[in-house]
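Here, each number is a calculation from the coordinates, and none is a lab measurement. Predicted model, so just to flag it, every value in this text is computed and none were measured. Methodologically, a virtual Cβ is constructed for each residue, glycine included, from the backbone with ideal geometry; neighbour enumeration extends over all protein chains shown.
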Amino acid sequence: MQTPDDEQFEAYLKRFHPIAPEPIPILSVGHSSRRSPPLGIWLAAVATILVLGAVILHIRSSRIVVSNTARDAAVAERHAPSEPLTMRTANAWLATAPSFKAAVDDLAFRSQPSPLPQGKQSAVAMLSKEKIRL
Amino acid sequence: MGRTERNIAEIEALYRQHGAALLLFASAISGDRGRAQDAVHQVFLKAIENGSVSQAINKKAYLFACVRNAVLNEAKLQDRNMSLDVNSAWFSPPGPDYAGEQNLRRALGKLPDDQREVMILHVWGELTFSEIADLLGVSSNTAASRYRYGLAKLRGSMLAKENSCADSR
């Protein structure tokens, strides 16, 4: 029969933990081969992810350009000057337009130019007379 | 998961759980840590090959029995006397008590083989006296009495060593 002293001593002994053995070679080899796919599969997966990423980025950036252009045009249409286009109105329009591109788009694609009053000249007509050297 | 993979996963879990105690047991009966390590590995490799562990009712007791047989068979094959090598560490001590670890190892080394076996199986293998009795082919009472004698001797030996160290300071 064990006395309290024995139990205490047994508890003391249990505080010493036996040192763990070295891993079994076959288990560590099997372990790695079972859980990690070969290098070729990793490379293929990485390449696929990169290609997919590039394609998605390309698609998204082209969508942004298209949507920006449409938005700018819409804004330009909304803010387009209602009076005939002169240098003064063009300057004012350029100053207030949301972007230079939107302003130019609007100036270029105005569908119904208003007739100019007597004595005033169209800015587009003036610009068209300029000799631009490229 | 296939049958073989399930078997390997089970073996891995058993190795993680009982490997340290099995190695300690093998070291205590083979006398040499390298041979003990080989014996433990051999047992687990065989278990992977033939899937025998999954059929055992008491897997832990079965593994201790296999390790014991492996060590004794190897000793028979080599036809050698097993003298205990207590110079390499057997335990990781609690905290920095390396002197305590050395003291315990030496005291275990002084025990008779049959008492040392029972001590290790019961304290660190956590086998019951009934399981130990089955493993060693003795009665439960014999296993329990070997344990009692072993424990008393171990305590006496460790205390004597500690006292002599204290006196020398």
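Annotations for the structure displayed:
- By other beta-carbon atoms within 10 Å, ranking B:L22, A:L116 with the fewest at the front produces A:L116, B:L22.
- Applied to the range B:60-67, the Karplus parametrisation 6.51 cos²θ - 1.76 cosθ + 1.60 on θ = phi - 60° returns per-residue 3J(HN,Hα) values of 5, 4, 4, 5, 4, 5, 4, 5 Hz, with x for Gly and Pro.
- Annotation: amide H-H contacts under 5 Å for B:S92 (H modelled 1.01 Å from N, sequence separation of 5 or more, or interchain): A:H17, A:I19.
- Furthest towards positive pole of dipole, B:P112, B:A56, B:I29, structure part chain B, Cβ charges: B:P112
- Counting only the Cα atoms, the range B:97-169 fills a convex hull of 73 Å³ per residue.
- The relative contact order of chain B, computed from alpha carbon pairs under 8 Å that lie at least 6 residues apart in sequence, is 21 percent.
- Listed residue (B:A65, B:A39, B:N7) projecting farthest to the positive dipole end of the range B:1-83, Cβ model: B:A65
- 3J(HN,Hα) from dihedral phi, the range B:136-146, Karplus parametrisation 6.51/-1.76/1.60, rounded to Hz, x for glycine, proline: 8, x, 10, 7, 4, 4, 4, 4, 5, 6, 4
- Against the rule of thumb 2.2 N^0.38 Å, how large the Cα Rg of chain B comes out: 1.11
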